[in-house]
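Every read-out reported here was derived from the displayed coordinates using simple, explicitly stated rules and does not represent laboratory data. Small disclaimer: the values here were computed from a predicted structure and weren't measured. Positions of Cβ are generated from backbone atoms using ideal geometry, with glycine treated the same way; all protein chains shown enter the neighbour counts.
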Protein chains: 2
Amino acid sequence: MVVLFESPAGPSEQEEGETFRPRFDASGLVTAVVTDHATGGPLMVAHMNAEALDRTLETGIAHYWSRSRQSLWKKGETSGALQSVRAIHVDCDQDAVWLSVTCAKPDDTCHTGRTTCFYRKLDLQNRKLIPSIS
Amino acid sequence: MVVLFESPAGPSEQEEGETFRPRFDASGLVTAVVTDHATGGPLMVAHMNAEALDRTLETGIAHYWSRSRQSLWKKGETSGALQSVRAIHVDCDQDAVWLSVTCAKPDDTCHTGRTTCFYRKLDLQNRKLIPSIS
């Protein structure tokens, strides 16, 4: 088995070290938050296993792990909505990554045909969803 | 048992309906992405169970579920870094929420004493972590 990344370490190394030690969960995944490089707005939340993370770093194109299909997912491979990675940040305990991306086809970022998966806002009073983009 | 939220439905209702139907995972959690209301920058990624989500909506102050402590977590209860919720967006299949918040003590957003948990950037060439804020 090829080891793609270093293993997690104790808190001081994990939080302050310069070694990338993604902390994959019991399912072998880290959470990926994806934002638009131009606007900074959130686009989607996805998950990455070691292979998806490695392919993303190798190619500069975002790859995820599809939990529903249980397979490697090159985002946009079918729709053309490929995501070019401009920056990746890692959180304190390294179980989440934040990708800033440029989309090749912004209108197809969400599978519903929208520029973001976060197209509804929650009315905090009555707990109903309100469209925030069309 | 008190039912706090409606159950998930089929794709069209889940994706296009106005009813909030959070899709909790096998551990009873949704992913929460938290951004700064003023700057839009990502602050942290956390998780919410139904109780945390309900308490957040009731009080306007962000509550999460601590997976490490396995308990309800009112963010900032000890540090004072309470998060006032300005807006919540929900993603297409409703298994992730995006909170835009104002922090009472921005310098203590991360437990390491930083304004965000995403204080390191990944050098995409050599896969090393570089501090992006002090």
Given charges of +1 on the Cβ of Lys and Arg and -1 on the Cβ of Asp and Glu, with all other atoms neutral, how large is the dipole of segment A:93-134 about its Cα centre, in debye to the nearest 20?
320
Gaussian network model of chain A, Cα within-10 Å springs - most flexible of A:Pro11, A:Pro42, A:Pro22:
A:Pro11
Given charges at beta-carbon only (K, R positive; D, E negative), |dipole| of the protein assembly as shown in Debye
180
Take chain B, connect every pair of alpha-carbon atoms lying under 10 Å apart with a spring to form a Gaussian network, then pick out the residue of B:Arg114, B:Arg21, B:Arg69 with the largest mean-square fluctuation.
B:Arg69
Using the alpha-carbon atoms, what tilt in degrees (0 to 90, nearest 10) does helix A:50-59 show relative to the longest principal axis of chain A?
80
If you rank B:Val2, A:Val33 by fewest surrounding Cβ atoms within 10 Å, what's the result?
B:Val2, A:Val33
Could you pull the copy-to-copy label distances for A:Gln70, with points set 7 Å along Cα to Cβ, in nm to one decimal and sorted shortest first?
2.7
Semi-axes (Å, rounded, descending) of the ellipsoid equivalent to segment A:28-131 per its C-alpha gyration tensor are 23, 16, 14
Around A:Leu99 (Cβ within 11 Å, Cβ-to-Cβ, excluding A:Leu99; K/R +1, D/E -1) the net charge comes to +1
Which three lengths, in whole Å and largest first, does the protein assembly as shown cover when its Cα atoms are put on their principal axes?
49, 46, 34
Determine which lysines satisfy two conditions relative to B:Lys128: a Cα distance under 27 Å, and not lying fewer than 8 residues away in the same chain.
A:Lys74, A:Lys75
